[in-house]
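S.K.: Mind having a look at this structure? Questions to follow.
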Amino acid sequence: MTRSHRHDIRTAPLPAPRGLAATGFGRRGLLAGAAGLVSAGGLVLPRRARAQTAEITVDRAKVDPIPIAIPNLVGVGGETAQLGRDMAAVITNNLVRSGLFRAIDPAAFVSASPGDVPNFANWKVIGAQALVTGKVDSQGGDKVRVEFRLWDVLPATQIQGTAYTATLGNWRRIAHIISDVIYERLLGEKGYFDTRVVYIAGSGPRDRRVKRLAIMDQDGENNRFLTDGSSLALSPRFHPTRDQIAFMSYVNNRPRVYTFDLSTGRQAMLGNFEGITLSPRYSPDGNSIIMAQTRGAGSDIVVVPISGGAPRRLTDSGGAIDVSPCFSPDGQQICFESDRGGDQQIYVMGASGGGAKRISFGQGRYATPVWSPRGDLIAFTRMTAGTFAIGVMRPDGSGERILSESFYVEGPTFAPNGRVIMFWRETPARDARGSGFSARLVSIDISGFNERAMTTPTDASDPAWSPLPA
């Protein structure tokens with residue numbers, strides 16, 4: 001099933017009920033203060049009644065989650081009652097998984113059905129600082145209307161009110177969009193729930209592994225395979241604006257970079273260039289793909305227009321291995337890994353090539369650099385004796401922090417708001433296929449807290465997070 005775009009969901013504002021005030025900025029400061037919110041790695045800390053925000057940077061910071069009550073959305077006829085329960089569950093799971101919200105146990109609710117105007121005393125007494133209410137109404141055929149309101153409990157004000165009209169099959173997307181609205185209104189930053197993750201699904205015997213492109217919603221739902229596994233697939237990456245993926249594939253045992261159109265399922269080779277082309281990633285404007293191309297015993301970083309044309313070489317390795325390039329969000333710089341200095345390390349250079357500067361100087365080897373969408377951090381994989389780690393550093397190499405260590409971890413990817421990283425972890429396992437390893441996707445916030453394993457139908461590796469939909 002092709003994923004619909006956000007413009008397929010019609011929205012309309014809902015004014016606050018008569019006699020109640022509506023706030024324009026969402027009481028972010030009071031919630032942040034009461035919850036003890038602090039920042040991690042530059043997390044914006046909103047302040048009450050101020051248009052500006054302050055930033056406090058710490059190496060590691062534990063965030064006290066905001067207590068929020070999310071009753072079931074009220075069904076209005078038909079099967080909408082179940083739909084209201086399902087949507088409330090998705091919203092709850094999204095917010096709780098972020099680590100920044102604590103959902104109050106429904107058993108503590110004094111009133112399970114708040115109505116159009118909540119009795120705020122009932123929610124204050126159980127410690128709720130924010131309240132979500134809403135209703136689901138069938139519009140006939142396959143149409144559904146969802147009304148949603150976000151309330152600031154202590155001053156009894158409405159923060160947000162929106163109605164969504166869409167096809168019934170879009171109900172989960174509406175729940176993700178509502179989650180994003182709640183996240184943004186209470187924290188002051190864009191959410192990331194209405195996004196997807198593409199990854200490599202691994203299955204089959206250990207010595208004859210099948211690796212297919214797969215895609216899922218960021219919460220692990222709506223998983224589907226994109227390729228049939230007849231050709232090995234690796235390192236998928238999303239286009240910044242199109243419903244398209246670039247990846248490496250071994251079609252006829254020839255490693256080449258391909259693009260995959262998610263709307264049509266069409267797969268096309270980027271170009272039949274000399275050597276092996278690998279580790280592709282789109283430029284921020286989406287007009288070109290940066291990748292590595294082998295040349296002799298080494299490899300160089302090259303850029304290729306997606307409309308066609310010859311690669312433009314950005315590095316001249318002279319036998320060194322330059323791979324895993326990634327543009328900065330503004331398109332002005334490129335980070336990549338190279339062994340040009342005798343060991344595998346991370347370098348940064350200008351977008352036109354040349355002047356590469358090494359930025360990784362910790363113990364061990366560094367690989368798979370990826371720039372945060374905010375531009376403030378570069379995530380990486382670090383390898384030391386017997387241990388792998390996922391970490392972040394500033395683009396100049398300062399402020400290095402390790403977020404997660406394990407037997408084997410690799411391949412970080414940022415959520416589009418730059419606050420969460422997903423990577424893959426391999427652990428020793430023994431099952432019906434014999435001794436070997438099991439690979440899973442794992443998410444963690446950039447402060448190094450709230451680490452969570454994802455559930456996928458097969459082994460999973462090489463994740464790439466989508467941008468927010470247009």
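S.K.: List the number of the failed condition for Trp151; all other conditions in (1) crowded, with 22+ Cβ neighbours inside 10 Å; (2) touching a residue at least 40 places away in the same chain (Cβ under 8 Å) hold.
M.R.: Result: Trp151 fails condition (2) only.
S.K.: State whether one or more residues within the stretch 314-327 are aromatic (Phe, Trp, Tyr) and surrounded by fewer than 16 Cβ atoms within 10 Å (Cβ to Cβ).
M.R.: No; the residues of the stretch 314-327 include none that is aromatic (Phe, Trp, Tyr) and surrounded by fewer than 16 Cβ atoms within 10 Å (Cβ to Cβ).
S.K.: Conditions: (1) farther than 30 Å from Thr259 by Cβ; (2) in contact with an Asp or Glu (Cβ under 9 Å, 6 or more places away or on another chain). Gly127 meets all but one. Number of the miss?
M.R.: Failed condition: (2).
S.K.: From the residues in the stretch 116-136 that are among the polar types (S, T, N, Q) and over 33 Å from the mean Cα position of the chain (by Cα), which one is nearest to Pro65 (Cα to Cα)?
M.R.: Applying the first criterion (among the polar types (S, T, N, Q)) to the stretch 116-136 yields 119, 122, 129, 133.
Adding the requirement that they be over 33 Å from the mean Cα position of the chain (by Cα) leaves 119, 122.
Values: Asn119: 23, Asn122: 21 Å.
The qualifying residue nearest to Pro65 (Cα to Cα) is Asn122.
S.K.: Would you check if there is a residue in the stretch 380-402 being surrounded by fewer than 21 Cβ atoms within 10 Å (Cβ to Cβ), among the acidic types (Asp, Glu) and within 30 Å of Gly188 (Cα to Cα)?
M.R.: Checked against the condition, which is being surrounded by fewer than 21 Cβ atoms within 10 Å (Cβ to Cβ), among the acidic types (Asp, Glu) and within 30 Å of Gly188 (Cα to Cα), the stretch 380-402 yields at least one hit.
S.K.: Here's something else I'd like to know. Answer yes if at least one residue in the stretch 347-369 is closer than 30 Å to Phe407 by Cα, of a type in the set (S, T, N, Q) and surrounded by fewer than 18 Cβ atoms within 10 Å (Cβ to Cβ), and no otherwise.
M.R.: For the stretch 347-369, residues closer than 30 Å to Phe407 by Cα, of a type in the set (S, T, N, Q) and surrounded by fewer than 18 Cβ atoms within 10 Å (Cβ to Cβ): present.
S.K.: Name the residues in the stretch 90-117 that are at pLDDT 90 or above and of a type in the set (A, V, I, L, M, F, W, C), would you?
M.R.: Pass one, the stretch 90-117, residues at pLDDT 90 or above: 90-109.
Within the stretch 90-117, Val90, Ile91, Leu95, Val96, Leu100, Phe101, Ala103, Ile104, Ala107, Ala108, Phe109 meet the criteria.
S.K.: Could you tell me whether Gly411 is at pLDDT 95 or above, assigned by TED's automatic domain parsing to the domain that holds Ser235, closer than 19 Å to Leu226 by Cβ and crowded, with 23+ Cβ neighbours inside 10 Å?
M.R.: Details: at pLDDT 95 or above: yes; assigned by TED's automatic domain parsing to the domain that holds Ser235: yes; closer than 19 Å to Leu226 by Cβ: yes; crowded, with 23+ Cβ neighbours inside 10 Å: yes.
Yes: the conditions hold for Gly411.
S.K.: Being part of a strand (DSSP E or B) and modelled with pLDDT under 95 is the filter; apply it to the stretch 187-210 and report the residue that is farthest from Asp64 (Cα to Cα).
M.R.: Val210
S.K.: Suppose we filter the stretch 347-362 for residues that are free of Cβ contacts under 8 Å to residues at least 40 places away in the same chain and in a strand (DSSP E or B); how many remain?
M.R.: Of the residues in that region, 5 qualify.
S.K.: Looking only at the stretch 113-126, decide whether some residue is aliphatic (A, V, I, L, M) and under 28 Å from Gly169 (Cα atoms).
M.R.: no
S.K.: Another question about this same structure. Which of the following residues is at negative phi, of a type in the set (D, E, K, R) and surrounded by 14 or more Cβ atoms within 10 Å (Cβ to Cβ): Arg208, Arg196, Arg266, Arg254?
M.R.: Criteria check complete, one pass: Arg196.
S.K.: Okay, next question. Among the residues of the stretch 332-345, write down those that are loosely packed, with under 13 Cβ neighbours inside 10 Å and modelled with pLDDT of 95 or more.
M.R.: Listed by number, the list holds a single entry, Gln332.
S.K.: Shifting gears a bit: Are any residues in the stretch 116-129 in contact (Cβ under 8 Å) with a residue 12 or more places away in the chain and out of contact with any helix residue (DSSP H, G or I) (no Cβ under 7 Å at 6 or more places or on another chain), and if so, which ones?
M.R.: Across the stretch 116-129, the qualifying residues are Asp116, Val117, Pro118, Phe120, Asn122, Trp123, Lys124, Val125, Gly127, Ala128.
S.K.: Please count how many residues of the stretch 351-405 are more than 26 Å from the chain's Cα centre (by Cα) and within 16 Å of Asp322 (Cβ to Cβ). So that I can check it myself, show each step before the final result.
M.R.: Initially, the stretch 351-405 is screened for residues more than 26 Å from the chain's Cα centre (by Cα), giving 352-358, 361-364, 384-386.
Narrowing the set further to residues that are within 16 Å of Asp322 (Cβ to Cβ) leaves 352-358.
Qualifying residue count, the stretch 351-405: 7.
S.K.: With the condition kept exactly as written, say whether any residue in the stretch 217-229 is surrounded by fewer than 22 Cβ atoms within 10 Å (Cβ to Cβ), closer than 19 Å to Arg173 by Cβ and among the polar types (S, T, N, Q).
M.R.: Within the stretch 217-229 (the criterion being surrounded by fewer than 22 Cβ atoms within 10 Å (Cβ to Cβ), closer than 19 Å to Arg173 by Cβ and among the polar types (S, T, N, Q)), the answer is yes, since at least one residue qualifies.
S.K.: Give just the number: which of (1) at positive phi; (2) crowded, with 21+ Cβ neighbours inside 10 Å does Gly275 not satisfy?
M.R.: So the condition that Gly275 fails would be (2).
S.K.: Working only within the stretch 137-171, note down all residues that are assigned to a loop (DSSP other than H, G, I, E, B), more than 18 Å from Ala69 (Cα to Cα) and not acidic (Asp, Glu).
M.R.: Correct list: Gln139, Gly140, Gly141.
S.K.: Which ones in the stretch 291-301 are surrounded by 15 or more Cβ atoms within 10 Å (Cβ to Cβ) and either part of a loop (DSSP other than H, G, I, E, B) or in contact with a Leu (Cβ under 9 Å, 6 or more places away or on another chain) (or both)?
M.R.: Those that are surrounded by 15 or more Cβ atoms within 10 Å (Cβ to Cβ) and either part of a loop (DSSP other than H, G, I, E, B) or in contact with a Leu (Cβ under 9 Å, 6 or more places away or on another chain) (or both): Met291, Ala292, Gln293, Thr294, Ser299, Asp300, Ile301.
Residue-by-condition table, conditions (1) at pLDDT 95 or above; (2) in a strand (DSSP E or B):
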{"position": "Ile215", "(1), (2)": "yes, yes"}
{"position": "Pro255", "(1), (2)": "no, yes"}
{"position": "Glu274", "(1), (2)": "no, no"}
{"position": "Ile289", "(1), (2)": "yes, yes"}
{"position": "Val303", "(1), (2)": "yes, yes"}
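S.K.: With within 18 Å of Leu186 (Cβ to Cβ) and assigned to a strand (DSSP E or B) as the only criterion, which of Gly134, Gly75, Gly127 stands out?
M.R.: Among Gly134, Gly75, Gly127, only Gly134 is within 18 Å of Leu186 (Cβ to Cβ) and assigned to a strand (DSSP E or B).
S.K.: Mind checking which strands (runs of 3 or more DSSP E) fall wholly inside the stretch 363-469 and carry at least 3 residues that are touching a Lys or Arg at 6+ places or on another chain (Cβ under 9 Å) and over 20 Å from Gln333 (Cβ atoms)?
M.R.: Filter on the stretch 363-469 gives 378-384, 387-393, 401-406, 420-431, 434-445, 459-465.
The values are calculated or read from the model by the stated rules, or taken from the named source; none is laboratory data. Computed from a predicted structure; not experimentally measured. In this analysis, Cβ positions are derived from the backbone assuming ideal geometry, glycine residues included, and neighbour counts consider all displayed protein chains.
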